[in-house]
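Inspection log for the structure reproduced underneath, given as structure tokens.
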Amino acid sequence: MSENIIICPNCNTPNDADYSFCANCGASLKAPAEQDINGIPVPEVADYVGKNSGKYIPKFKKFARFGKAGWNWPVFLFSYLLNIPFVWFFYRKMYKVGAIVLAISLAITVTYSACFTYACDCVMEYFPEIMEQAIAAEEGYLTPEDAEELATDLQGEMMTKLQTNKGFMLCSSIISLISYLKLGLTILYSVLADYWYYKKAMKDLEQLNSAGIPNASAVVLKGGTNSAAGVLSGIFLNISDTHQYY
């Protein structure tokens with residue numbers, strides 16, 4: 001066997017000799033003392049995590065030693081691009097956290113929709129005048145110069161009245177703040193998602209071990225993933241979001 005290959009003592013997977021952790025199960029390839037995380041055997045943690053255990057176990061080891069900060073790209077992409085950050089949490093069976101994140105997302109969606117609708121209604125009050133002016137110019141009742149002058153006057157009048165409309169200004173401010181809030185929450189979820197997952201995994205495994213060494217099937221059933229929950233939660237918010245406009 002090549003000197004550049006080391007066999008994982010836990011799952012017998014060949015790994016590059018420079019690796020510290022097994023690419024398949026996440027078990028330590030260096031020191032026997034690192035074969036557990038907070039007293040939970042690494043193979044048991046790997047069974048709990050299931051898919052991508054080789055990626056999460058090194059993260060769990062770091063959390064156990066150093067702290068909370070990390071970065072979760074799926075959460076970031078779901079949040080930033082699709083506005084559904086909670087999907088990953090439900091996918092990883094983090095139902096309490098997912099429900100909280102979903103509730104926050106719904107609150108933001110409802111608030112944004114209400115403010116956007118109110119602001120649009122305020123602007124639409126001037127739409128009949130704008131259309132009347134456009135039709136008059138098109139039919140030749142107004143010269144291009146007169147039409148341009150009237151448009152400028154109308155826009156100035158509209159902006160003056162809107163700026164004195166407390167409801168419109170409040171809604172405009174809320175709409176602007178929501179964009180910053182969503183960005184802040186996206187970063188927060190992305191930084192802490194893996195740590196929250198680590199805390200749940202340790203809690204679940206400690207409970208399973210409190211009654212003795214659990215069998216593998218119980219660990220796999222408690223952990224793993226739930227694709228249906230993630231998909232259904234995304235569909236739910238999409239339906240709720242759509243109904244805001246009807």
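Note on Q35/A228: beta-carbon distance plugged into 1/(1 + (r/R0)^6) with R0 of 25 Å gives a FRET efficiency of 0.15. Treating r as the C-beta distance of K199 and T117 and R0 as 35 Å, the FRET efficiency rounds to 0.35.
Among the trypsin sites (Lys or Arg not before Pro) found in the range 8-74, those both in a DSSP coil and sparsely packed, with 14 or fewer other Cβ atoms within 10 Å of their Cβ, are K30, K51, K68. Quick check: at a probe of 1.4 Å, how many percent of the accessible area of the range 57-120 sits on carbon and sulfur atoms? It is 74 percent, rounded to a whole number.
Amide H contacts of N226: R92, K93, each under 5 Å away and 5 or more positions distant or on a separate chain (H built 1.01 Å from N in the peptide plane; Pro and chain starts excluded). Can you bin the range 23-94 into rounded, prolate or oblate? Criterion: square roots of the alpha carbon gyration tensor eigenvalues sorted a ≥ b ≥ c, rounded for a/c under 1.5, prolate for a/b above b/c, oblate for the rest. Note, shape of the range 23-94 comes out prolate. Structure shown: which of K55/K199; K96/K200; K61/K96; K182/K222; K62/K182 lie over 22 Å apart, alpha-carbon to alpha-carbon? Long pairs (Cα-Cα over 22 Å): K61/K96; K182/K222; K62/K182.
Backbone amide hydrogens, once placed in the peptide plane, bring A27 within less than 5 Å of C22, excluding anything fewer than 5 places away on its chain. Among the chymotrypsin sites (Phe, Trp or Tyr not before Pro) in the range 1-104, those placed in a DSSP loop whose Cβ has at most 11 other Cβ atoms within 10 Å are F66. Along the Cα-to-C-beta direction of Y180, a point sits 7 Å from the Cα; which residues of the range 54-85 have their amide N less than 19 Å from that point? The answer is none.
Packing, as the average of other Cβ atoms within 10 Å across residues, places the peptides 155-162, 186-193 in the order 186-193, 155-162, highest first.
Coupling constants for the range 76-81 follow from the phi torsions by the Karplus curve (6.51 cos²θ - 1.76 cosθ + 1.60, θ = phi - 60°), and in residue order they are 4, 5, 4, 6, 6, 8 Hz; glycine and proline get x.
A simple rule links phi to the HN-Hα coupling: the Karplus curve 6.51 cos²θ - 1.76 cosθ + 1.60 with θ = phi - 60°, which for the range 85-99 gives x, 6, 4, 5, 5, 5, 4, 8, 6, 8, 5, 5, 5, x, 5 Hz, with x for Gly and Pro. Close amide H partners of C8, meaning residues 5 or more places away or on another chain with modelled amide H under 5 Å apart, are T13, N15.
The values are calculated or read from the model by the stated rules, or taken from the named source; none is laboratory data. Every value quoted in this text rests on a predicted model; they were computed, and no experiment measured them. In this analysis, Cβ positions are derived from the backbone assuming ideal geometry, glycine residues included, and neighbour counts consider all displayed protein chains. Protein only, heavy atoms only, side chains kept; ligands, DNA and RNA dropped before computing areas. Shrake-Rupley method; radii C 1.70, N 1.55, O 1.52, S 1.80 Å.
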